[in-house]
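These notes are about the structure you will find just below.
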Amino acid sequence: MGVQEQYPFDVESIRDDFPILERSVGGDPTTPGADEADDTDLVYLDNAATTHTPEPVVEAISDYYRSYNSNVHRGIHQLSQEASVAYEEAHDRVAEFIGAEGREEVIFTKNTTEAMNLIAYAWGLNELGPEDNVVLSEMEHHASLVTWQQIGKKTGADVRFIEVTGDGTLDMADADAKIDDDTEMLSLVHVSNTLGTVNPIADLAALAHEHDAFVFADAAQSVPNRPIDVAALDVDFLAFSGHKMCGPTGIGALYGREALLDAMEPYLYGGEMIRRVTFEDSTWEDLPWKFEAGTPSIAQGIGFAAAVEYVDDLGLDRIEAHESLLASYAHDRLTDLGGVEIYGPPGDERGGLVAFNVEGVHAHDLSSILSDHGVAVRAGDHCTQPLHDELGVAASVRASFYVYNTVEEVDALVDAVRAARDLFA
Amino acid sequence: MGLGSDMYRQQILDHYKNPRNHGELEDPDFTHVGENPSCGDTIRVDVTLNDDDETIESVGFSGDGCAISMASASMLSERLHGMTVDDLDELDTDDVTEMLGVEISPMRIKCAVLGRQVAQDGARIHRGEIDPDDETTLEG
């Protein structure tokens, strides 16, 4: 024993909620689902890409389809009313979870990327000009980087990047230099999906607000694994995805201050978001529906709220402690292995992920060999190509942890990395 | 064990660690560079032809990438010797996996065929069939 005794909750009973963790791998990957050829235990360490879905969330989704499937905000009939209430209350649950004032401040989107694009189009395209600038960091995910880069091209606004230091943290002096009185938006990743760095969002938000800039937090890698309160962070916008926190794909949330969202024009037009339509003109529905045009992802929204309930029950402080325990342990063991280059800050100062390369082994080869040992990791640039350019590598392998991962699974990762290293030696 | 360990049989590792025909040729008849942006693999292929302007005399390859792409390019460089440009043009994905002698997992096929694609596009440019400015990029 040892490290296991520090688990903040009963990991084995959590694992019982995730039947997928019991399956094996190794058979034909061209047909989905387990088969007889699968003979290797699955070790799933790709949670920063997507997490698995616990039974209560699967049940919430299937319960909707089995017993009250209907479109929302359309019919007067009972099923539609039941679906509408559940879908609206899902907004309330998400709002409460992140400390928002209410459902008016929580727009359901497809994912974090769509939330980013919503602000970029609804606000950025209308408000930015050649004299303005938007400040990002070098560790932004493409969701933010590409979006603001392209909005910059359309509006003439300068897009700046706060530099990342050698230890994988933001250069605060550079932040101070780049955020100025022409800065209209600071769009910053909270926890880096590549480096694991936890950025000081509240400090930088305060700095940006001194210059009357808005602050957008990309919280895709932080809301799932640590307590988040939008008021404490003092951000104007914040986005995250359901599928990285035990929820289904196809659903995410954009938080925005009500007054700001109220003043913004819709990003998508159509049904659901209107109040009164004539051939000549239209008026908009109240928040948040003004930004949810068309039939929304109803089952996913309901599943999202169930996922929030699930992780909230586990306790976000305990999830943070568990991820930190595993990331720190993985960092130490991979370092001890030798020939492993790990990116980002030290083990106890990072989110629950470790990106690395093994000397002499290309990241894609490493990932293939790990997969053969049943270990699922991400290989590639993790949607941070410019950051990888800065790191001087084309790709890296990333192991990322969640509530159901164990110390033994980290050991399996390390054993597989050793096998890959020996194969290429 | 699944496809992964099969992919890294001795022959692949040997070609990766000791690549054949590695380097750039002096005065090649055609040269082409291609990349697979999703993994950062880049391969350059240089080819010289016999006086008939058809038969491949020598091949040099260089670049940076994973074991599958580099070993595949190395094996291809040996295979191409003495082939005609028409023969090269007819090489398909099955020919490449057959040459490698291992089953390539679906996500790695793009790695395996990069060298072949670069050589074929180089030959097509040489024959004036495609624009020299066309880039060889494989998504995947």
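Bear in mind that the values in this text are calculations on the coordinates, not laboratory data. Here the structure is a predicted model, which means the values were calculated and not measured. Cβ coordinates were reconstructed from backbone atoms using ideal geometry, including for glycine residues, and neighbour counts include every protein chain displayed.
Summarising the label geometry, the points placed 7 Å from Cα in the beta-carbon direction at B:THR48 and A:GLU59 lie 7.4 nm from one another. Annotation for segment A:315-361 versus segment A:266-300: alpha-carbon center distance of 44 Å. Once you reduce segment A:26-54 and segment B:75-140 to the center of their Cα atoms, the two points are 32 Å from each other.
Counting only DSSP beta bridges whose two residues both lie in chain A, roughly 60 percent are antiparallel. For segment A:346-425, applying the loop criterion from DSSP together with a ceiling of 15 other beta carbons within 10 Å to the GluC sites (Glu not before Pro) yields A:GLU359. Loop-resident GluC sites (Glu not before Pro) (DSSP state other than H, G, I, E or B) in segment B:1-73 with no more than 14 further Cβ atoms inside 10 Å of their Cβ: B:GLU24, B:GLU26, B:GLU54. Exposure here means at most 14 other Cβ atoms within 10 Å; with trypsin sites (Lys or Arg not before Pro) in a DSSP loop as sites, the longest stretch of chain B lacking them is B:10-126.
Residues A:SER80, A:SER13, A:SER62 in ascending order of nearby Cβ atoms (within 10 Å, fewest first): A:SER13, A:SER62, A:SER80. Once the Cα atoms are used to define both axes, helix B:67-80 deviates from the longest principal axis of chain B by about 40 degrees. Panel order for A:ASP10, B:ASP64, by other beta carbons found within 10 Å of each beta carbon, from fewest to most: A:ASP10, B:ASP64.
Give the residue list of GluC sites (Glu not before Pro) in segment A:35-109 that are DSSP loop and have at most 14 other beta-carbon atoms within 10 angstrom.
A:GLU36, A:GLU101
Rounded, prolate or oblate: which one fits segment A:174-282, using the alpha carbon gyration tensor with axes a ≥ b ≥ c (rounded when a/c is under 1.5, else prolate when a/b beats b/c, else oblate)? Cα axes put segment A:174-282 in the oblate bin. Indicate the gyration tensor shape class of segment B:3-137 (rounded, prolate or oblate), computed on the Cα atoms with a ≥ b ≥ c the square roots of the eigenvalues: a/c under 1.5 is rounded; otherwise a/b larger than b/c is prolate and the rest oblate. Prolate, because a/c is 1.5 or more and a/b exceeds b/c. Residue separation of A:ALA49 and A:TYR269 scaled by 0.36 nm, minus their Cα-Cα distance, works out to 76.2 nm of gained length. Just going by the charge dipole of segment A:57-313, with Lys and Arg at +1 and Asp and Glu at -1 on Cβ, which of A:TYR64, A:ALA115, A:ASN225 is farthest out on the positive end? Of the candidates, A:TYR64 comes out farthest on the positive side. Cβ crowding within 10 Å ranks A:ILE251, B:ILE125, A:ILE319 as B:ILE125, A:ILE319, A:ILE251, fewest other Cβ atoms first. With contacts taken as Cα pairs under 8 Å and at least 6 residues apart, segment A:57-313 reaches a relative contact order of 25 percent. Shielding by partners for peptide B:35-48, expressed as the average number of C-beta atoms from other protein chains within 10 Å of each residue's C-beta, is 3.
Rounded, prolate or oblate, given the Cα gyration tensor of chain A, with a/c below 1.5 counting as rounded? Because a/c hits 1.5 or more and a/b fails to exceed b/c, chain A counts as oblate.
Inter-chain Cβ neighbour count for B:61-73, averaged per residue, equals 3 (cutoff 10 Å, partner chain atoms only).
Look at the stretch A:354-364: the mean tally of other chain Cβ atoms within 10 Å of its residues' Cβ atoms is 3.
Placing dummy labels 7 Å off each Cα toward the beta-carbon, the span from A:ASP212 to A:GLN149 is 3.1 nm.
Our summary gives segment B:3-137 a relative contact order of 29 percent, counting only alpha carbon pairs under 8 angstrom and 6 or more residues apart. For the pair A:ALA177 and A:ALA232, the difference between a 0.36 nm per residue extended length and the Cα-Cα distance amounts to 17.3 nm.
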